[in-house]
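This report refers to the structure that appears directly beneath it.
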Amino acid sequence: MRVFVHPTGWRFSPRKFPEADITRFVQNQPDRGDTADSWPCFGTVLMQCPSALVAKWAPGTVSHEAIDENTTRIHVGAWSWPGVIGFLITFDCPFTVESPPELAEAARKVVNRLERATPLPWHGRVR
């Protein structure tokens, strides 16, 4: 038995991708489908990390700008201040909080939580 398939919807004409590397093209789009919500916690940091690395791994809700070849200003939001810090530490790069003070305070609290979670046998002194 033969089955015939008939198009049922509208048609489109294929077009060429704007770049040869489609992965790079998608990763560098400001809106990759994971659009920003109205985040209750939103901050800005300077990270010692190349902008290309941020563009590759940050979700579409993050905006960033290259300051120089190794420094990037990152604007990021989340549902909580520790959530913003959690995102930032995934890069394993030093960063400085520019604003707001609540983000800097959240960083201090996260550091304290991590220190309490991993007590050092030599009474807290780094050797």
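The values are calculated or read from the model by the stated rules, or taken from the named source; none is laboratory data. Because the structure is predicted, anything quoted here is derived from the model rather than measured. We place every Cβ from the backbone using ideal geometry, glycine too, and count neighbours over all the protein chains shown.
Annotation note: of 61, 118, 90, 72, the sole residue that is under 19 Å from the mean Cα position of the chain (by Cα), surrounded by fewer than 11 Cβ atoms within 10 Å (Cβ to Cβ) and among the polar types (S, T, N, Q) is 90. State yes or no: is residue 111 among the hydrophobic types (A, V, I, L, M, F, W, C) and at pLDDT 95 or above? It is false that residue 111 is among the hydrophobic types (A, V, I, L, M, F, W, C) and at pLDDT 95 or above.
May I ask you to verify whether residue 22 is out of contact with any Leu (no Cβ under 9 Å at 6 or more places or on another chain) and β-branched (Val, Ile, Thr)? Spelling it out, residue 22 is indeed out of contact with any Leu (no Cβ under 9 Å at 6 or more places or on another chain) and β-branched (Val, Ile, Thr).
Taken together, the criteria place residue 40 among residues that are within 23 Å of residue 105 (Cα to Cα) and either in contact with a Phe, Trp or Tyr (Cβ under 7 Å, 6 or more places away or on another chain) or among the polar types (S, T, N, Q) (or both).
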